[in-house]
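The values are calculated or read from the model by the stated rules, or taken from the named source; none is laboratory data. Owing to the predicted nature of the structure, the values given are computational and were not obtained by experimental measurement. Just so you know, the surface numbers come from the protein's heavy atoms only, side chains and all, with ligands and any DNA or RNA stripped out. Shrake-Rupley method; radii C 1.70, N 1.55, O 1.52, S 1.80 Å.
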Amino acid sequence: LQSLDLANNRLTELPAALADCPRLKEANFRGNQLRDKRLEKMVNGCQTKAILDYLRAGGRGKGKGENAREEARKKKREKQQKKDGGEGEQDELEAVSKLLVKVLHVSENPTPLVVKVSPGVRDVRPFIVCCVLKGVNLNPGNALKRFLTAQTKLHEDICEKRTAATIATHDLQLVKGPLTYDVQPPGELKITPLGRKEIKAKDLLRQLQLEAEEQRKQKKRQNVSGLHKYLQLLDGKDNYPCLVDAEGVVISFPPITNSEKTKIRKTTRDLFLEVTSDTSLQICKDVMDTLILKIAELNKFTLENKEEGSGSDNEPDALCGPVNVNPGQNTQQSFPLVVEQVRVVDTDGNLKVLYPSKTDLTTVSSLLTVIR
């Protein structure tokens, strides 16, 4: 196939498979109303090679210059990890270097959690990394508040306001595996968002949009806060990504919210951690590395600063969640934290991702001692 003329048709998207046609030199897609508006502009003004490169790179937001943006993201993540780790102060470095995390391999785990990925996520939000973290202590004082605040800060910084990646944390005791990472139409996807009643995804987004408009009117400014900032990340999507448990319940709807079903509470001791992205698998891993480091730091702070009282569960909503275990347990026994590997597989059971692998947690290795 050397030339292709599909001008003035009713195409709404161009198949990525076109990028695998090495002999295609001339292609005319003008006059089609494509959902990807950037691609629509390209077909009306760019050469065929540029269009194919854009499709080959994964479409929306990926064309020419993506390597430069990826490199910039990497540098920003490394800078943020150094900042979060407190590099620069020798005393802080010595303290942080005592943080311990033990990795429990799948082969050593009698009941490992597995996440199955459906083919449909490839065109929506293809990348996901998961693991289990055991031994956190959120019960004393403001420990839970600090945890949720740290997660919100990671979303703003290393996750680039959730455009690069989205974090979700769940109560392991309330997660019913095996899990499925899937896509569902907005009118069919149902979730019970944190702090809200069960609702369809399309109705939730409409509700949040109305709330955002009301917020703008009241504050007389363009900027909005909370979930309302992330609505545009789903623009133009025919299907929405979701993580579904063994009972068919949606426990995560990235990049928007988690489910009330798996919400973190002060009694939470074992977490199921999830990071998703439509950008790259490496971003998911880098964010997960940083998240584990941050939780280890918070856990150490909680153990060393014996706060009085257990407070309440009514902490700020980070829209992500985990739970459970005996809060009266000797806190010193929770060191080190244990990270259990989680396998992400395709529908045939073939391994796609195993986290943490031997090469993971290396970006924070100077701040965290990992026992493998």
SASA check, H105, accessible area w/ 1.4 Å probe, all protein chains in place, rounded to nearest 10 Å², comes out at 50
Amide H to amide H, which residues 5 or more places from V114 or on other chains are under 5 Å from it, using H placed in the peptide plane? L179
Computed accessible area, L337, all protein chains, 1.4 angstrom probe, square angstrom: 0
Leaving ligands, DNA and RNA out of it, rank C131, C21 by accessible area with a 1.4 Å probe, largest first. C21, C131
Hits among lysines - C-alpha to C-alpha of K76 under 22 Å, sequence gap 8 or more where chains match: K62, K64, K153, K161, K229, K285, K294
A chain fully extended from V106 to I371 at 0.36 nm per residue, minus the present Cα-Cα distance, gains in nm 93.9 nm
Rounded to a whole number, what % of the accessible area of the stretch 3-57 do carbon and sulfur atoms account for, probe 1.4 Å? 47
Over all directions, what mean area does the Cα convex hull of the stretch 3-57 project, stated in square nanometres? 3.2
List R196, R206, ordered by accessible area with a 1.4 Å probe, largest first: R206, R196
With all protein chains in place and a 1.4 Å probe, E26 shows an accessible area in Å² (nearest 10) of 130
